[in-house]
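Please treat every number below as a calculation from the coordinates, not as lab data. The structure displayed is predicted, hence computed values, not measured ones. Here Cβ is always computed from backbone atoms with ideal geometry, including for glycine, and neighbour counts include all displayed protein chains.
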Amino acid sequence: MIYLAAPYNDSDPSIVQARMEIIYRVIGEFMKEGRHVVTPLFMHEIVIRHELDGTYEYWEKYCLDMLKRCDEMIVICLPGWTESRGVKGEMEFCKRTGKRVVFMEYKE
């Protein structure tokens, strides 16, 4: 099972939405290839519709519980990924637990 990570938060909602469109596209491509993907980013619509906190602090336990059950993590290297608190925290978790991290450049 693959855990998919990418930057999420931004003060500009259009950037968040653009990131989500890319993430959905990548997930679709993986699924067509028979690669099973999980990601807390699936919760994007729940965050919006129910006005939940979208910060990593709020979602950290949920994210790491999901990541624990995965074989590897793939990071989509979208602008902002090196500054993302969530991506950094998930990478640190992988380092501590010996999970493989793969970096994926996204090209349209």
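Would you kindly derive the ³J(HN,Hα) couplings of the stretch 36-42 from the backbone phi angles with the Karplus curve 6.51 cos²θ - 1.76 cosθ + 1.60 (θ = phi - 60°), listing them in order in whole Hz, with x for Gly and Pro?
Those phi angles translate into 8, 10, 10, 6, x, 5, 4 Hz.
Please say if the stretch 1-50 is rounded, prolate or oblate, where rounded means a/c under 1.5 for a ≥ b ≥ c the square roots of the C-alpha gyration tensor eigenvalues, and otherwise the choice is prolate for a/b larger than b/c and oblate otherwise?
Cα axes put the stretch 1-50 in the prolate bin.
Between the DSSP loop rule and a limit of at most 12 other Cβ atoms within 10 Å, which GluC sites (Glu not before Pro) in the stretch 1-83 are left?
Counting only loop positions with at most 12 other Cβ atoms within 10 Å, the GluC sites (Glu not before Pro) in the stretch 1-83 are Glu33, Glu51, Glu83.
With the contact rule set at Cα under 8 Å and sequence spacing of 6 or more, what percent relative contact order holds for the chain?
Computed over the chain, the figure is 37 percent.
Going through the DSSP H helices of the chain, which span 15 Å or more along their own axis at the Cα atoms while scoring at least 0.0 as a mean Kyte-Doolittle hydropathy?
In the chain, the long hydrophobic H runs are 13-32.
Non-local amide H neighbours of Val75 (under 5 Å, H modeled in plane, Pro and chain starts lacking H): which ones?
Residues meeting the criterion, in which the H sits 1.01 Å from N, are Ala5, Val102, Phe103, Met104.
With charges only on Cβ, +1 for K and R and -1 for D and E, what is the dipole size of the stretch 55-108 about its Cα centre, in debye, rounded to 20?
That gives the stretch 55-108 a dipole magnitude of about 240 debye.
For the pair Glu57 and Arg96, how long in nm is the line joining their label points, each one 7 Å along Cα→Cβ?
1.8 nm
Pick out, in residue order, every one of the trypsin sites (Lys or Arg not before Pro) in the stretch 22-86 that is DSSP loop and has at most 10 other C-beta atoms within 10 Å; say none if there are none.
Arg69
With charges only on Cβ, +1 for K and R and -1 for D and E, what is the dipole size of the stretch 12-66 about its Cα centre, in debye, rounded to 20?
260 debye
If you take the charge dipole of the chain about its Cα centre, with +1 on Lys and Arg Cβ and -1 on Asp and Glu Cβ, which of Val37, Thr82, Trp59 is farthest toward its positive end?
Towards the positive end, the residue furthest out is Val37.
For the chain, with only Lys/Arg (+1) and Asp/Glu (-1) charged at the beta-carbon, what is the dipole magnitude about the Cα centre, in debye rounded to 20?
It works out to roughly 460 debye.
Would you compute, from DSSP H runs of 4+ residues alone, the mean residue ellipticity of the chain at 222 nm, taking -39500 (n - 2.57) per run and dividing by the full residue count, rounded to the nearest 500?
Here the helix-only value at 222 nm equals -15500 deg cm²/dmol.
Of the labelled options (1) 49, 27, 25; (2) 33, 30, 24; (3) 67, 32, 24, which one gives Cα extents along the principal axes in Å as computed for this structure?
Correct label, based on the coordinates given: (2).
May I ask you to derive the relative contact order of the stretch 1-62, considering only C-alpha pairs under 8 Å and at least 6 residues apart, and to give it as an integer percent?
That works out to 39 percent.
Count the lysine pairs in the chain that are 8 or more places apart or on different chains: how many have C-alpha atoms under 21 angstrom apart?
So the count works out to 8.
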